[in-house]
Amino acid sequence: MRLLLAVLLSALSFHALAGEADVRKAFEARFPGSNVSSVAKTPLPGIYEIVADGNQIAYVDEKAEYLVLGEIVDLKSRRNLTREKVEQLMAIRFDSLPLQNAIKFVKGDGKRVLAVFSDVDCPFCKKLEPELAKLDNVTIYVFPYPVASLHPDAGRKSKQVWCSKDRAQAWLDLMLKGKQPGKTSDCKNPVDENVAFGQKLGISGTPTLVFANGRRVPGYIQTDKIEALLKDAGKAK
């Protein structure tokens, strides 16, 4: 009986994999050159999730004759399955971050952790700073991350901040008060390394926040939202 059950389970598993392989083959035939990273069944009968060309998500039928662009929402649980998948794909392992290349701020007991990729000339980054200032019992790692295409002088200012005697205070003075840092920018600094690292992660805009559970949140958010995300990150441990 156990042998028969094992054979049946093996056959079902092979059928599922074969189905996904067939969908991949059909999709790639429709879109030559597409880089498909995964194919998976969805809760919808006959509909498959395709992840291709980085983190692009689409849905197709079994023969890849129809393509659906949009989101799948489970109305019973009110879960946005597409959004959850995107967050999973965009996640950044916190322990992979080169924390030695960040400006460290310890507030209260510092038990919670948060990383922020921030551009000194980015208006939304400056708008985020007062929200970060309201947080307590958290260690914040700020990665100076100049986006040269938008702010050509941000790289120089970031290096000046890093080269300051008290780089944490120099960062706050610049971001909160508009006080320019010292003129020295030729010390050993990680600014270019941060840019290269962030580009590998696909960080194209600032600010970008990274939480302990790997969740990546792009853009300005208020303190209450940050607190909620920190709480969620703590639950994931």
Inset, instruction - Search the range 123-145 for residues being in contact with a Phe, Trp or Tyr (Cβ under 6 Å, 6 or more places away or on another chain) and among the aromatic types (Phe, Trp, Tyr), and hand back the single one that is surrounded by the fewest Cβ atoms within 10 Å (Cβ to Cβ). - result: PHE124
Inset, instruction - Scan the range 136-144 and give yes if some residue there is of a type in the set (A, V, I, L, M), part of a loop (DSSP other than H, G, I, E, B), assigned by TED's automatic domain parsing to the domain that holds PHE105 and in contact (Cβ under 8 Å) with a residue 24 or more places away in the chain, otherwise no. - result: no
Legend entry - Exclusive hit being of a type in the set (A, V, I, L, M, F, W, C), under 24 Å from LEU201 (Cβ atoms) and at pLDDT 95 or above, set LEU89, LEU81, LEU132, LEU174: LEU132
Inset, instruction - For the range 82-116, name all the residues that are touching a residue at least 40 places away in the same chain (Cβ under 8 Å) and loosely packed, with under 12 Cβ neighbours inside 10 Å. - result: ARG93, GLN100
Legend entry - Residues satisfying the stated conditions in the range 42-84, i.e. among the basic types (Lys, Arg) and in contact with an Asp or Glu (Cβ under 7 Å, 6 or more places away or on another chain): ARG83
Inset, instruction - Would you check which residues across the range 168-198 are under 15 Å from PRO146 (Cβ atoms) and charged (D, E, K, R) and list them? - result: ASP192, GLU193
Inset, instruction - Would you mind finding the one in ALA228, ALA148, ALA196 that is loosely packed, with under 13 Cβ neighbours inside 10 Å and not in a helix (DSSP H, G or I)? - result: ALA148
Inset, instruction - Filter the range 82-108 down to residues that are of a type outside the set (A, V, I, L, M), part of a loop (DSSP other than H, G, I, E, B) and farther than 30 Å from PRO43 by Cβ and give me whichever is farthest from the chain's Cα centre (by Cα). - result: GLY108
Legend entry - Residue selected from the range 162-172 under the condition in contact with a Ser or Thr (Cβ under 9 Å, 6 or more places away or on another chain) and not in a loop (DSSP other than H, G, I, E, B), by the criterion surrounded by the fewest Cβ atoms within 10 Å (Cβ to Cβ): CYS163
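The values are calculated or read from the model by the stated rules, or taken from the named source; none is laboratory data. In this text the structure is predicted, and so the values were computed from the model without any measurement. Cβ sites come from the backbone with ideal geometry, for glycine too, and all protein chains shown count toward neighbours.
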